[in-house]
Amino acid sequence: MKIPISKGFTLIELVVVIIILGILAVTAAPKFINLQGDARVSALSGLKAAINGANKLVYSKAVILGQEKSFKTDITIIPGAVPADNVDVTIGFGYLRPNFNDFVAALDISISKRSNPLNTDWIFDKQNSIGYFWPTGAPETCFITYTQATATSPPIISDVPKASDC
């Protein structure tokens, strides 16, 4: 007697496998693929580096002018052809103060205040002596902070959050 050999899968077997793969994709994939969160974390890392770079330029200029020990003073970081074209910022102990206009001038980024969000890349808010930066459209947990310098310490920029927070 000859026994027939099966050469393929039945329709039921294929449907069961597709259902199992679908369940795995829906539950497991979002945990491994958080592209939007990763992109926001990367953008915050870039902003943190830009703030650090701007602060190095501002501090160097403040030292040259002998203003690195002043609590609050205005300096011109980029002189224009005419005074109206100058890029001026307010510094505290040689570093940028956490003020909206100073970050706009020093960083040259698309930013708006949290109280008046516009179609910009970044949202800024200030509470006491701390500035907060969010990527536009990010959750409340996706931000970095900038704490102004004191007479004894440079400004502090917080660590970038995890991708799961963004």
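The values are calculated or read from the model by the stated rules, or taken from the named source; none is laboratory data. As the structure is a computational prediction, the values presented were derived from the model and not from experiment. All Cβ positions, even for glycine, are placed from backbone atoms using ideal geometry, and neighbour counts span all protein chains on display.
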Of all residues in segment 87-104 being in contact with a Lys or Arg (Cβ under 9 Å, 6 or more places away or on another chain) and among the aromatic types (Phe, Trp, Tyr), the one that is surrounded by the fewest Cβ atoms within 10 Å (Cβ to Cβ) = PHE100
key: Selected residue [part of a loop (DSSP other than H, G, I, E, B), surrounded by 12 or more Cβ atoms within 10 Å (Cβ to Cβ) and among the polar types (S, T, N, Q)] from THR145, THR150   = THR150
request  = Could you check ILE156 against (1) touching a Phe, Trp or Tyr at 6+ places or on another chain (Cβ under 6 Å); (2) among the hydrophobic types (A, V, I, L, M, F, W, C); (3) surrounded by fewer than 14 Cβ atoms within 10 Å (Cβ to Cβ) and say which number it fails?
outcome  = (1)
inquiry  = With the requirement that a residue be at pLDDT 90 or above and out of contact with any Lys or Arg (no Cβ under 8 Å at 6 or more places or on another chain), what does segment 108-133 give you?
reply    = SER110, ILE111, SER112, LYS113, THR120, ASP121, TRP122, LYS126, GLN127, ILE130, GLY131, PHE133
note = Here the residues within segment 114-139 that are touching a Ser or Thr at 6+ places or on another chain (Cβ under 7 Å), of a type in the set (A, V, I, L, M, F, W, C) and either without any contact (Cβ under 8 Å) to a residue 24 or more places away in the chain or not in a strand (DSSP E or B) (or both) are LEU118, ILE123
